[in-house]
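The values are calculated or read from the model by the stated rules, or taken from the named source; none is laboratory data. Here the structure is a predicted model, which means the values were calculated and not measured. Glycine gets a Cβ as well: all are built from the backbone with ideal geometry, and neighbour counts include every protein chain shown. Accessible surface is based on the protein model in full, side chains and every heavy atom, while ligands, DNA and RNA are left aside. Shrake-Rupley method; radii C 1.70, N 1.55, O 1.52, S 1.80 Å.
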Amino acid sequence: LSRGKLSRPIQNLLKHSLLTEERSFFDYGCGRGDDVRFLNAQGVSAEGWDPYFCPETQFTAADIVNLGYVINVIEEPKERIAVLNQAFSLANKLLIVSGQLTNERNPQHRPYRDGVLTGTHTFQRYFTQEELGFFLKSSLKEDPIPLAPGIFLVFKDKLEEQEFLEKRARRSLRARTA
């Protein structure tokens, strides 16, 4: 998958002013590295690792770690949890996790384990929004915050979490009174 623009999770980080030039960023499972290239071009210190496209990159701690559409392609549930925990251990302030939602599933995909095999014989695990949130909470023992459909934030920095929730509540209140 190659994109001509930033992925949805990264667009949401920018929209909510969570990712700035002052913050370091690590993309765990970066694919071909499109988000990393776009962010570096915008002045953000970004690195990425992928088992197929960027295996030589070292895992790097960063202010923000992205686990974008990774857990849904891991067949083994225990490995999903291990990858999630490893990504969280690299995050200094915030982990953003995204996964494919059930409504995105192609009905022609063949059931396999707790997911499906696609037409290209790759594994996909689809989640409902609630399942994804429960998976994160039960695996990390932290309360994930839904940011958008299929996208959650898990803060390590609890002060920053409270500031984010307060800003979001103020925006919501302004929108209702406008």
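Its Cα gyration tensor gives the stretch 1-58 an equivalent ellipsoid. The semi-axes, each the square root of 5 times an eigenvalue, are 19, 13, 9 Å from largest down. Counting only protein heavy atoms and a 1.4 Å probe, the chain has 54 square angstrom of accessible area per residue.
Where Rh denotes the Kirkwood radius from the mean inverse Cα pair distance, what is Rg over Rh for the stretch 48-162? My calculation of the ratio gives 0.98.
Counting other Cβ atoms within 10 Å of each Cβ, which chymotrypsin sites (Phe, Trp or Tyr not before Pro) in the stretch 1-86 have at most 14 and sit in a DSSP loop? Answer by residue number: Tyr52, Phe53, Phe59.
Shown for the chain are the DSSP H helices of 18 Å or more along their axis, judged by Cα atoms, with a mean Kyte-Doolittle hydropathy of at least 0.0: 77-90.
Of the trypsin sites (Lys or Arg not before Pro) found in the stretch 70-178, those in coil by DSSP whose Cβ has at most 10 other Cβ atoms within 10 Å are Lys141.
Nonpolar atom fraction for the chain, defined as the carbon and sulfur part of the 1.4 Å probe accessible area, stands at 53 percent.
Taking every DSSP beta bridge that has both ends in the chain, the antiparallel portion is near 50%. The helix-only estimate of mean residue ellipticity at 222 nm for the chain, built from DSSP H runs of length n ≥ 4 each weighted as -39500 (n - 2.57), is -11000 deg cm²/dmol after division by the residue total. Given in Å, the Rg to one decimal and the Dmax to the nearest whole number for the Cα atoms of the stretch 65-113 are 12.7, 41. The count of lysine pairs in the chain with alpha-carbon distances below 14 Å, taking only pairs 8 or more places apart or on different chains, stands at 6. Largest to smallest in accessible area, the residues Leu6, Leu67 fall in the order Leu6, Leu67 (1.4 Å probe, all protein chains included). In a simple Cβ point-charge model (Lys, Arg +1; Asp, Glu -1; nothing else charged), the chain has a dipole of about 660 debye relative to its Cα centre. Mean separation of Cα pairs under 8 Å and 6 or more residues apart, divided by the residue count, gives the stretch 38-178 a relative contact order of 21 percent. The stretch 23-99 has equivalent-ellipsoid semi-axes of 20, 14, 10 Å, by the square roots of 5 times the alpha carbon gyration tensor eigenvalues, sorted largest first.
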